[in-house]
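Heads up, the thing below is written out as structure tokens.
Bear in mind that the values in this text are calculations on the coordinates, not laboratory data. Computed from a prediction, not measured in an experiment: that's the story for all the values here. With ideal geometry, Cβ positions are generated from the backbone for all residues, glycine too; neighbour counts draw on all protein chains shown.
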Amino acid sequence: MTAPLLTLRDVVVEFPAVRGLKALTTAPEKRNVRALDGVSLDVASGETLAIVGESGSGKTTLARAINGLVPLAGGTVHFDGMALHEGPDWHAVRRRMAMMFQDPVGSLSPRKTVRDLILEPFAIHGIALKNRRGKALDLLADAGLGPDFLHRYPHQLSGGQARRVGVARALALTPALVLADEPTAGLDVSVQGEILNLMNRIKSGHGLTTLIITHNLNILRHIADRIAVMYLGRIVEVGPVERLLTAPAHPYTRALMAANPEPDPTARRERIVLKGETPALNARPPGCEFHPRCPVARADCAARVPQLEPSETGGRVACHYPLSRESLHA
Amino acid sequence: MSAFRHSLLGRLLADPMALFAMVIIAALVIMALLADVIAPHDPGAMNLADRFAPPSATYWMGTDNLGRDTFSRLLQGGRIALYVALTAVTISGLIGLVLGMLAGFGPRWLDNALLFFFDALRAYPTIILALALAALMPRGLSTVIIVVVITSFAEYGRVVRTQTLSLKNSEFILAERAMGASFGRIVFHHILPNVLGPFFILAAMNLPVVITIEAGMSFLGIGVPPGTPSWGATLKDGFDYIRNTPWILLSGGLPLILATLGFTFLGEALRDQLDPRLRKTR
């Protein structure tokens with residue numbers, strides 16, 4: 001395996017929980033909540049890693065922290081030879097790292113035409129183009145849009161068309177890494193398929209590395225090489241797609257996969273219903289943070305914090321009593 | 001042709017209110033610009049033989065207590081009104097734009113300080129401030145402009161601040177930052193164009209307010225120096241000599257009414273076309 005393109009070690013991101021004068025009277029450890037609490041990840045060049053987890057598990061924060069939109073409170077991030085935790089030249093970093101946001105239309109500047117939007121990365125990074133119109137048309141064509149879109153405004157685009165413009169813009173400077181935050185959010189299932197096919201085609205064409213954040217589990221097999229599962233700002237399991245989908249080692253992964261509707265109505269499946277709600281970030285349970293909701297928790301789960309360790313089913317899991325392949329079918 | 005129908009001007013022309021407003025404004029602007037050419041008499045020339053003359057072929061809107069032609073004076077007054085309105089709105093708009101963006105982008109303490117400042121200024125009654133400043137400063141148009149600027153820039157500041165604040169955290173601005181766009185690029189290419197819509201609506205709605213403030217100050221005798229043919233001063237003359245003739249008061253009020261209606265209708269039509277969400281706020 002080649003050296004990873006992106007390496008995260010113990011990344012911590014904190015958000016202020018109390019503001020202003022009230023912060024002075026609050027105990028220091030309660031002033032902030034940890035949205036990311038010690039995330040470590042390696043993303044190899046050319047691979048697609050999907051990050052899954054419930055709302056509020058820190059998926060979006062992770063992407064924003066990598067891109068520098070959210071400051072790190074701790075840990076190290078290395079990308080393409082640059083140390084992102086040491087105040088790098090973000091202008092240079094962002095040229096090599098593109099980002100796609102959740103809202104396809106809302107992430108396009110409303111008073112710019114598609115042509116301006118697509119050519120903007122070149123303007124930002126001071127790249128002179130000989131044939132601006134030609135370049136814009138090429139990029140549009142790569143994303144599957146015709147020349148008549150050149151002079152449209154974002155509000156004149158459908159969600160799928162706006163997403164294609166987003167893809168074209170993300171790929172304009174042929175970045176090394178694309179961070180895609182919910183690339184299929186708010187799109188019809190048929191359009192989701194088109195967008196995923198488009199991303200797969202481009203990925204194989206450019207040898208692109210992608211980090212996809214999603215809670216749409218149906219697309220995982222279609223697009224990802226590996227999956228990382230997040231819970232309360234921590235990675236609880238990471239491993240190859242097939243392994244995680246068929247033999248999850250962490251009870252949370254298993255519950256997550258089981259909660260996803262199965263297209264085949266005759267398929268027999270076992271439902272795992274989690275107890276209670278996701279705990280708030282400022283009231284993290286002691287020990288394993290999943291233990292109050294875990295169906296297989298034992299007494300010592302509340303006492304010891306599990307670390308990510310190689311699991312029996314391949315990949316790595318943060319659980320004291322990981323599920324074995326056998327227990328799945330028992 | 002259809003492209004024109006969907007353009008802003010095309011949509012405004014399709015709206016009868018806006019069309020009416022634009023005709024009035026165009027007429028006022030043309031008359032103000034060509035005042036010297038159109039005016040049948042010298043606006044300052046006195047003709048004591050023809051004092052308090054009713055409207056006639058010679059004096060279209062009659063004459064005042066010194067026998068000066070009211071119509072010629074109103075044309076000059078239009079110049080003063082438009083000059084004061086445009087200058088004051090431009091200056092207060094620019095100050096409001098800069099301070100509003102500073103408040104929107106700056107740290108929390110700056111935002112709070114500017115908001116406090118805006119609210120304090122807006123709480124001050126315009127006419128009281130005008131009287132106080134008029135006592136301190138020489139009579140003249142610049143005093144009128146300063147009063148208007150002081151009392152109205154806070155309103156622009158507030159609108160711009162609110163817009164900036166909501167745009168600053170919008171996804172497309174995050175997307176621009178994620179692409180590596182500089183602060184200047186984000187402000188001038190992406191925030192400013194989206195702030196200008198509501199800003200121009202507010203400016204158009206403020207023009208008639210400024211015209212009436214100027215007329216009001218001149219009416220109270222704290223605006224233009226005596227003898228200047230401002231609309232407010234003409235109204236004051238008409239008020240003083242209402243027992244001699246009603247014509248000065250009637251013809252002095254007419255352009256004021258037309259200008260106020262014209263700019264108000266235009267402002268409302270602009271608002272409806274550019275930003276229908278604002279319809280409920282006033």
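Between A:D89 and B:L86, the modelled labels are 4.8 nm apart [label points 7 Å from Cα along Cα→Cβ].
Each stretch of four or more DSSP H residues adds -39500 (n - 2.57); spread over every residue of chain B, this sum gives -24000 deg cm²/dmol at 222 nm.
Sequence-ordered 3J(HN,Hα) estimates for region A:122-139 from the Karplus curve with 6.51, -1.76 and 1.60 and θ = phi - 60° stand at 5, 5, 4, 9, x, 9, 7, 10, 6, 10, 4, 4, x, 4, 4, 5, 4, 5 Hz, glycine and proline given as x. 3J(HN,Hα) along region A:54-59, derived from phi through the Karplus expression 6.51 cos²θ - 1.76 cosθ + 1.60 where θ = phi - 60°, amounts to 5, 4, x, 7, x, 4 Hz, with x in place of Gly and Pro.
Residue by residue through A:79-91, how many Cβ atoms from other chains fall within 10 Å of the Cβ on average? Before the final figure, lay out the partial values.
Values: counts 0, 0, 0, 0, 0, 0, 0, 0, 0, 0, 1, 3, 4.
Taking the mean over all residues of the peptide, I get 1.
With the Cα gyration tensor of chain A giving a ≥ b ≥ c as the square roots of its eigenvalues, does the rule (a/c under 1.5 for rounded; else a/b larger than b/c for prolate; else oblate) give rounded, prolate or oblate? In terms of gyration-tensor shape, prolate. Under a no-solvent Debye model with one identical scatterer per Cα of the protein assembly as shown, what's log10 I(q)/I(0) at q = 0.09 Å⁻¹? These q points yield log10 I(q)/I(0) values of -0.85. Calculate the length of the line joining the C-alpha centroid of region A:171-189 to that of region B:196-258, in whole Å. Result: 59 Å between the Cα centres.
The angle separating the long axis of helix A:189-206 from the principal Cα axis of greatest extent in chain A is about 80 degrees.
Where Lys and Arg each count +1 and Asp and Glu each count -1, what net charge lies around A:I212 among other residues with Cβ under 9 Å from its Cβ?
Numbers: positive: none; negative: A:D181, A:E182.
Here the count lands on -2.
From most to least packed by mean Cβ count within 10 Å, the peptides B:19-25, A:35-41, A:221-227, B:112-118 give A:35-41, A:221-227, B:19-25, B:112-118. Annotation: peptides A:308-315, A:26-33, A:245-252, A:192-199, ranked by per-residue average of other Cβ atoms within 10 Å with the highest first, follow the order A:245-252, A:192-199, A:308-315, A:26-33. Candidate cross-link partners of A:K275 among the lysines, defined by an alpha-carbon separation under 23 Å and a same-chain spacing of 8 or more, comprise A:K59. Within the straight-line cut-off of under 20 Å between alpha carbons, the aspartates and glutamates reachable from A:K30 are A:E14, A:E289, sequence neighbours fewer than 8 places apart in one chain being disregarded.
Axis angle, to the nearest 10 degrees, between helix B:70-105 and the longest C-alpha principal axis of chain B: 20 degrees. Charge tally for A:Y231 (other residues, Cβ to Cβ under 15 Å; Lys, Arg +1; Asp, Glu -1): +3. In region B:1-147, a dipole from Cβ-located charges (positive for Lys and Arg, negative for Asp and Glu) runs towards its positive end, and of B:A57, B:A85, B:H41 it is B:A85 whose Cα lies farthest in that direction. Mean residue ellipticity, 222 nm, helices only, chain A: the sum of -39500 (n - 2.57) across DSSP H runs of n ≥ 4, divided by residue count and rounded to 500, is -8000 deg cm²/dmol.
Find out how many positive minus negative residues lie around A:R201, taking Lys and Arg as positive, Asp and Glu as negative, among other residues whose Cβ is under 11 Å from that of A:R201. The partial results should precede the final answer.
On the way: positive: A:K203; negative: A:D142, A:E194.
My count for the surroundings of A:R201 gives -1.
Considering only A:C294, A:F122, B:F172, whose Cα is most displaced toward the positive end of the charge dipole of the protein assembly as shown, charges sitting on Cβ of Lys, Arg (+1) and Asp, Glu (-1)? It is A:C294, whose Cα lies furthest towards the positive end. Using a cutoff of 8 angstrom between alpha carbon atoms and counting only pairs six or more residues apart, the relative contact order for chain B works out to 24 percent.
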